[in-house]
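Below is one structure, written out as structure tokens; the observations come after it.
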Amino acid sequence: MGFGTGFAIYFIIWWVVLFTVLPFSARSQADEGNVTLGTTHSAPANFHFGPIFWRTTAISAAVFAVYLLITVVGGYTLDDLIALSPDFKSAAN
């Protein structure tokens with residue numbers, strides 16, 4: 001795997017993990033009891049992106065490391081991983 005391919009895969013993993021991690025530990029203005037005039041009650045209160053960025057980066061690195069172990073070290077391809085999934089078409093008959 002080349003650097004560009006690895007970076008693209010890591011970037012996609014990072015964005016997916018970001019939107020997975022984002023809701024955790026988020027408190028809305030309604031939760032805090034301090035709603036700013038002109039905003040919705042569900043708007044985040046005291047939002048800090050730094051901890052979310054580092055948490056996302058660490059989790060993405062772990063997921064990418066597992067991906068590298070499976071594909072590069074283990075020698076599996078995406079076609080091999082898809083073949084391991086259950087076949088629901090034959091189970092329905």
#### Entry: Gap separating the Cα centres of the stretch 32-93 and the stretch 1-18, nearest whole Å
12 Å
### Query
Got the relative contact order for the chain handy, in percent, Cα pairs under 8 Å and 6 or more residues apart?
30 percent
### Summary
From DSSP H assignment alone, runs of 4+ in the chain each adding -39500 (n - 2.57), the sum over residues rounded to the nearest 500 puts [θ] at 222 nm at -17500 deg cm²/dmol
### Message
Given a 1.4 angstrom probe, I'd like the percentage of the accessible area of the chain that is carbon and sulfur, rounded to a whole number.
### Response
70 percent
### Message
For Cα extents along the principal axes in Å, pick the label among (1) 38, 25, 21; (2) 49, 45, 12; (3) 55, 43, 17 that corresponds to the value derived from the coordinates.
### Response
(3)
### Query
Dipole magnitude of the chain about its Cα centre, charges +1 at Lys/Arg Cβ and -1 at Asp/Glu Cβ only, in debye to the nearest 20?
140 debye
## Note on the structure
Of the residues Pro44, Ile82, Met1, the Cα lying farthest along the dipole of the chain towards its positive end, which is defined by charges on the beta carbon of Lys, Arg, Asp and Glu, belongs to Pro44
### 1.4 Å probe accessible area per residue over the stretch 4-63, in Å²
71 Å²
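The values are calculated or read from the model by the stated rules, or taken from the named source; none is laboratory data. Source: prediction; values computed, not measured. Note: ideal-geometry Cβ built from the backbone for every residue, glycine included; neighbour counts use all protein chains shown. Ligands, DNA and RNA are excluded from the accessible area calculation, which covers all protein heavy atoms including side chains. Shrake-Rupley method; radii C 1.70, N 1.55, O 1.52, S 1.80 Å.
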